[in-house]
Structure formats: structure tokens, C-alpha cells
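Participant: Once you've had a glance at the structure underneath, I'll fire off some questions.
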Amino acid sequence: MNDDNAADRVIQDLRRLAAAAGPGARLPSVRELTARHQASPVTVARAIRRLVAEDLIEARPGSGTFVAGRPAQHPTPPDLSWQAVALGPGIAGAEVMQALLAIPDPGAIPLSGGYLDPDLQPATALGAALARAARHPSAWQRGPVQGREELRAWFAREAGGALRADDMVICPGGQAALATAFRALAAPGESVLVESPTYLGALAAARAAGLRVVPVPADSDGVRPDLLAAALARSGARLFYCQPLYANPHGATLAEQRRPAVLAAVRAAGAFLLADEYARDLTIDGTPPPPLAADDPDGHVVHLRSLTKSTAPGLRVAAIGARGAAGARLRSARTLDDFFVAGPLQQAALDFVTAPAWPRHRRALRTALRDRRDALLTALRRHLPDLLPTTVPRGGLHLWVRLPDGLDDVEVTTAAAAEQVVVFPGRPWYAAEPAAAYLRLTYAAAPPALLDEGVRRLARALRRRPFGRGEPG
């Protein structure tokens, strides 16, 4: 299904119904629109938000959607539905990724996002590094297609010593590295195992590569080794995607006592473990365990590390590495994708991470993230104590909060948007049916005072009317 066309169909349907009905008339529910147009709940919610912004309809939390008091007059939109036939099936997961990356409306408080608040980004130091890089004529030359050797050597050292510079390839961000890994290490139609829940960008990339995504339950100590071994045996998968440190969205770190069992299960199956170390520089409490690659003598771990999450969205520099034939496959796939990452950007990244500014930034970021995480927890305790997470992550950018029974995460997300606070529903982070209704709340995208106001607005959205079968606390 093409999600953009599905959203257009929902919008056109609601315009027609609103024009035929009087002000205040009830419109079909999200569930009815989902079934009628074979669209996802996220797509329907996005269509409703657009028409709410146009003052054509009203979304009343817990009661439904209604024609606005003064229906707006709109010209008949052009009919682009023919494109659905010409294009065929859409890209799996693209619509959800667009929603995740959408820039919040002015005045909305972001409790969702995957990047640091601009106040936390080392923009001055990065700008200076890029200016210095731009003055070097060599930065504008082609260089090795796998990336600058000094930068690859830095990433290899950071992996714990098991990898060499020649094992690494520089990528334009972690998402590009994921897409490369799924294509290079598995063939279309094969299975890939993922933690459940897991990063929805990984789910989208795996499905775009034609892989069958198989979830493996995780808890507060990370993926369960017993269920991983069973899933490897049952599915025949030869690739397992894992976030061993402050996993997105739930924040768990793979426990020390589980690491040997997870690696043993992968070795026994003759499989690869794609370790996404996106949060290596986002520690808040304590000392993080070493990368999984440091404990891998036989080349089963594929190591991925990005600088983007801990610096700024514009520093799209990451590295992925593996030993043996797997590393060669990754390097070949990256070359086919886009030849190489821009030289000035690579040189600026190297300049930054090898300068005193890098450890200073990491220390300041640790303090700032701790303040914001604790501020979000305090705000939940004050305004929505029922949403306090049972486990507090020791790093990363997010809290994973369970909604009370009877609440629908997509409906809550829509109601929150009406209160000018942006949250993200939990169900897209699951490869199969979600265990319960969750929200992912981000503490890195807004300062502490706004976090409190954002939770207050979320509480107002929840308490204005009951949702589903339950009454929020």
C-alpha cells in the first residue's frame, strides 16, 4: 500500500463527508477509516491532523472526530490517484519514518525526536572543524572509497581493539550503514532477527531490503538469550540486529551476564550479530560496558557506530566494520551505493573527535542529559505518575512509558498533538503485535522547563475525556 496515497484517500473521504454533513456531525472513527481505506492508524491520524489544522474538522479526545462549526471551503483537489496504479506498492515503513522525522509545528513542545536539542549540539566546535577542513585542498580530493584511513582507524580503536582500520568503511550516517548491512549480509526473502521492540528505522531498512523480520522479546536486561537461540534455530536466520547499549526505544542495556550467552547463541547458529552502538557517547550514569565486538574472536559481530546522535543531525558520519568476507561485502555495497562520503565532512569529523573539544562535549552532554532525563521523570511524577517507567535508562535519549490499560497509543498521540505536545506511539517499534500500549518520550529535544510543560499538556490531553475502555490515572 502506498501510504501517501492512503493519506490522500482518507483526506478526500473526510472532505466529502464533512461537506455533506452539517456542523457538529460525527465522522467515522480512526478504526473505521483504517478498515475502509486499508491504511495504518498512523496514516489516518496524520490525515485527521491535517484537516484539524485547516479548521475543517474537530478531534475531541475520547469522543471522536466531528465536522467543525464553520466548515472551510476548499477547491476540489487534483486527482492524483492514478499514480497508485503506476507506482505499485509503497516502500514499507516510509510513512512512519516520515512521521518520526517531521519537524514539530511552531509552539509545539517536542517530547519526540531522535536528535539533540540545538542547545546541546557542539555547533561552534563543529563549524570550526569544518572550516579548517575546507581549507585543506586534500579534503576535496577523492581519497579511499572506504573512507579516510585516520578516521577509520579512530572508529576501529573505539570498537575495543578487535577491528582494524581496513575492516571499517565510513558511511553517511547510521541509517545508511543499516541499509547497507541488511542488503550485504542477507538475501531478499531471508529472515533477520530483531529485538522486540526495536528501532523502527532498522525495521524499515530490513523490510526495504526484502527481509522477513522476526522479533525476539527483550526486557530490562536486553534480549533474552534463550529466546534468541530458539528463534535462530526455528527461523534459520543468519543475522540478528541488536542495540546492546541504551536500546531505542526502551533504553535497556544488554546485561553483563547475558553477553556471553547471546554471543554463544549467534556462534552456534553460524550467524552474524549486527551491533548498533548508536548510543556509545550518550552515557548518563556509570561506565558503559565495552562494545560487543571487543568480545568477539571469530568475526561474528558486525560493529556499527555513528557520531550523529551525540553531536548534530548535520554530522552524518558513521562507520561499520566486520572481519573477513563480511567486511569485504560491506565495503563493496557501500561503494555501489554512493562511492564515498564527502571528504571535508570526514576531515571535520576526524578533527573534532581527536581534539580536546570532543571529551569536553561528552562531559557536558552527560550532565545535560542527566538533568533532562531527571526533569522528565520529575514531570511524570508530578503530572502523570501512572506513566512512570519501571526501569530508568542509564543513557540514551528516551523513556519508554506504558499507557494504562484501555488507552490506545495512536489516539493518545493525536490528542496530544491537539494540545501542542508531540509524542510518538509505541506500536511502530514492534515487528509484530505490541505487548501493550506505549509511548516513547524523548528528553533530549527540549530544555527541562519545557519538558514539564509538555508533560502537563500530555496530562491535559489524557484527562479531558476517557479513551477506549479505560480511564487514565
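Participant: Can you compute 3J(HN,Hα) from phi for each residue in the range 11-17, using the Karplus curve 6.51 cos²θ - 1.76 cosθ + 1.60 with θ = phi - 60°, rounded to whole Hz and x for Gly and Pro?
Facilitator: Here the 3J(HN,Hα) series is 4, 5, 5, 5, 4, 5, 5 Hz.
Participant: Separate question: Rounded to the nearest 5, what is the percent of antiparallel bridges among the DSSP beta bridges in the chain? Intermediate values should be presented prior to the final figure.
Facilitator: Values: 25 of 43 bridges.
Beta bridges within the chain, antiparallel portion: roughly 60 percent.
Participant: Once you charge only the Cβ atoms, +1 for Lys and Arg and -1 for Asp and Glu, what is the size of the charge dipole of the range 289-401 about its Cα centre, to the nearest 20 debye?
Facilitator: Working: 17 positive and 9 negative charges, 81 e Å.
Using only the charged Cβ atoms, the result is roughly 380 debye.
Participant: Amide H of ALA437 versus every other amide H placed in the peptide plane: which residues, excluding those fewer than 5 positions away on the same chain, fall under 5 Å?
Facilitator: LEU403
Participant: What residue among ALA319, ALA444, ALA459 has its Cα farthest toward the positive end of the dipole of the chain, where the charges are +1 on Lys, Arg and -1 on Asp, Glu, each on the Cβ?
Facilitator: Looking along the dipole axis, the top candidate is ALA444.
Participant: When a/c is below 1.5 the answer is rounded, else prolate if a/b is larger than b/c, else oblate, so apply that to the range 30-162 with a ≥ b ≥ c taken from the square roots of the Cα gyration tensor eigenvalues. Could you put the intermediate results ahead of the total?
Facilitator: Numbers: a/c = 2.61, a/b = 2.14, b/c = 1.22.
Taking the square roots of the gyration eigenvalues as a ≥ b ≥ c, the range 30-162 is prolate.
Participant: State whether the range 255-319 is rounded, prolate or oblate according to the following rule on the C-alpha gyration tensor (a ≥ b ≥ c being the square roots of its eigenvalues): a/c under 1.5 gives rounded; otherwise a/b larger than b/c gives prolate, and the remaining case gives oblate.
Facilitator: Taking the square roots of the gyration eigenvalues as a ≥ b ≥ c, the range 255-319 is oblate.
Participant: At 0.36 nm per residue, and after removing the present C-alpha to C-alpha distance, how many nm does the segment from ALA264 to ALA131 gain when stretched out fully?
Facilitator: Details: separation 133, 0.36 × 133 = 47.88 nm, distance 4.66 nm.
Answer, rounded to one decimal: 43.2 nm.
Participant: While we're looking at this one, here's another question. From the protein chains alone at 1.4 Å, what is the descending order of accessible area for ILE91, ILE284, largest first? Kindly include the intermediate steps, with their values, before the conclusion.
Facilitator: Values: ILE91 120, ILE284 0 Å².
Listed by decreasing accessible area, they come as ILE91, ILE284.
Participant: Right, another one. Keeping every protein chain in place, order LEU87, LEU17 by accessible area at 1.4 Å, biggest value first, i.e. largest first. Display every interim value, and only then the final one.
Facilitator: Details: LEU87 115, LEU17 45 Å².
Listed by decreasing accessible area, they come as LEU87, LEU17.
Participant: Would you be so kind as to identify which of PRO89, TRP140, GLY222 lies farthest towards the positive end of the dipole of the chain, taking Lys and Arg as +1 and Asp and Glu as -1 on Cβ and the Cα centre as origin?
Facilitator: TRP140
Participant: Please work out whether the range 111-224 counts as rounded, prolate or oblate from its C-alpha gyration tensor, where a ≥ b ≥ c are the square roots of the eigenvalues and a/c under 1.5 means rounded, while otherwise a/b larger than b/c means prolate and anything else oblate? Numbers along the way, then the final one.
Facilitator: Working: a/c = 2.11, a/b = 1.54, b/c = 1.37.
Judged from the Cα gyration tensor, the range 111-224 comes out prolate (a/c at least 1.5, a/b above b/c).
Participant: Might you report the magnitude of the Cβ-based charge dipole of the range 374-473 about its Cα centre, with Lys and Arg at +1 and Asp and Glu at -1, to the nearest 20 debye? Please list the in-between numbers first.
Facilitator: Values: 13 positive and 11 negative charges, 38 e Å.
Dipole magnitude for the range 374-473 comes out near 180 debye.
Participant: Given H placed 1.01 Å from N in the peptide plane, which residues other than close sequence neighbours of VAL421 have an amide H under 5 Å from its amide H?
Facilitator: The list, which skips near neighbours in sequence, is ILE109.
Participant: Using 0.36 nm per residue, how much length does the chain from ALA123 to ALA20 gain when fully extended, once their Cα-Cα distance is taken away?
Facilitator: On the way: separation 103, 0.36 × 103 = 37.08 nm, distance 5.25 nm.
So the extension gain works out to 31.8 nm.
Participant: Relative to the longest principal axis of the chain, what angle (0 to 90°, nearest 10) does the C-alpha long axis of helix 448-464 take?
Facilitator: 40 degrees
Participant: Probe radius 1.4 Å, ligands and nucleic acids ignored: give me the carbon and sulfur share of the accessible area of the range 169-326 as a rounded percent. Intermediate results must be reported in sequence, preceding the final value.
Facilitator: Details: 2510 of 4670 Å².
That fraction is 54 percent.
Participant: Can you compute 3J(HN,Hα) from phi for each residue in the range 268-281, using the Karplus curve 6.51 cos²θ - 1.76 cosθ + 1.60 with θ = phi - 60°, rounded to whole Hz and x for Gly and Pro?
Facilitator: Those phi angles translate into 4, 8, x, 10, 9, 10, 8, 8, 8, 9, 4, 9, 4, 9 Hz.
Participant: Only one of the listed values, (1) 57, 26, 20; (2) 31, 27, 22; (3) 39, 25, 24, was derived from the coordinates as semi-axes √(5λ) of the Cα gyration tensor in Å; which label is it?
Facilitator: Here semi-axes √(5λ) of the Cα gyration tensor in Å agrees with entry (3).
Participant: Okay, moving on. Residue by residue, what Karplus-based ³J(HN,Hα) values in Hz, rounded to whole numbers, does the range 204-214 have, using 6.51, -1.76 and 1.60 with θ = phi - 60° and x for Gly and Pro?
Facilitator: Whole-Hz 3J(HN,Hα) from phi for the range 204-214: 5, 5, 5, 5, 5, 7, x, 8, 8, 8, 10.
Participant: Provide the per residue accessible area, probe 1.4 Å, for the range 316-473, rounded to a whole number of square angstrom. If you can, show how the numbers build up before the last one.
Facilitator: Values: 6550 Å² over 158 residues.
For the range 316-473, the solvent-accessible area averages 41 Å² per residue.
Participant: Ok, one more. For the range 151-165 and the range 206-267, write down the distance between their C-alpha centroids in whole Å.
Facilitator: The range 151-165 and the range 206-267 have Cα centres spaced 24 Å from each other.
Participant: May I pose another question? To the nearest 10 square angstrom, how much accessible area does ASP296 have with a 1.4 angstrom probe?
Facilitator: The accessible area of ASP296 comes to roughly 10 Å².
Participant: Would you check the accessible area of TYR246, probe 1.4 Å, heavy atoms only, in square angstrom rounded to 10?
Facilitator: Counting only protein heavy atoms, TYR246 exposes about 10 Å² to solvent.
Participant: Would you work out which of PRO249, ALA279, PRO260 lies farthest towards the positive end of the dipole of the range 236-283? Charges go on Cβ: Lys and Arg +1, Asp and Glu -1.
Facilitator: The residue sitting farthest along the positive end of the dipole is PRO260.
Participant: Please report the net charge: other residues with Cβ closer than 13 Å to the Cβ of ALA187, K and R +1, D and E -1. Don't jump to the answer; show the numbers that get you there.
Facilitator: On the way: positive: ARG183, ARG212, ARG238, ARG329; negative: GLU190.
After counting each charged neighbour, the total is +3.
Participant: Express in nm, to one decimal, how much length is gained between GLU32 and ALA208 on full extension, taking 0.36 nm for each residue of separation and deducting their alpha carbon distance. Don't skip to the answer; put the middle values down first.
Facilitator: Values: separation 176, 0.36 × 176 = 63.36 nm, distance 2.83 nm.
Answer, rounded to one decimal: 60.5 nm.
Participant: Let me ask another. With only Lys, Arg, Asp and Glu charged, each at its Cβ (+1 for the first two, -1 for the last two), find how big the charge dipole of the chain is about the Cα centre; round to the nearest 20 debye.
Facilitator: On the way: 55 positive and 46 negative charges, 57 e Å.
Computed about the Cα centre, the dipole is about 280 debye.
Participant: Something else now. Can you show me the helix-derived [θ] at 222 nm for the chain, built from DSSP H runs with n ≥ 4 at -39,500 (n - 2.57) apiece and divided by the number of residues, rounded to the nearest 500. Numbers along the way, then the final one.
Facilitator: Numbers: 16 runs with 196 residues, N = 473.
Calculated from helices alone, the mean residue ellipticity at 222 nm is -13000 deg cm²/dmol.
Participant: Amide H of LEU27: which non-local residues (sequence gap of 5 or more, or other chain) have their own amide H closer than 5 Å, using H built in the peptide plane?
Facilitator: Sorted by chain and number, the residues that satisfy this are THR65, PHE66, VAL67.
The values are calculated or read from the model by the stated rules, or taken from the named source; none is laboratory data. All figures in this text were calculated on a predicted structure; none of them were measured in a lab. Note that we place each Cβ from the backbone using ideal geometry, even for glycine, and neighbour counts take in every protein chain shown. For the accessible areas, the whole protein counts, side chains as well, though only heavy atoms, and no ligand, DNA or RNA atoms are used. Shrake-Rupley method; radii C 1.70, N 1.55, O 1.52, S 1.80 Å.
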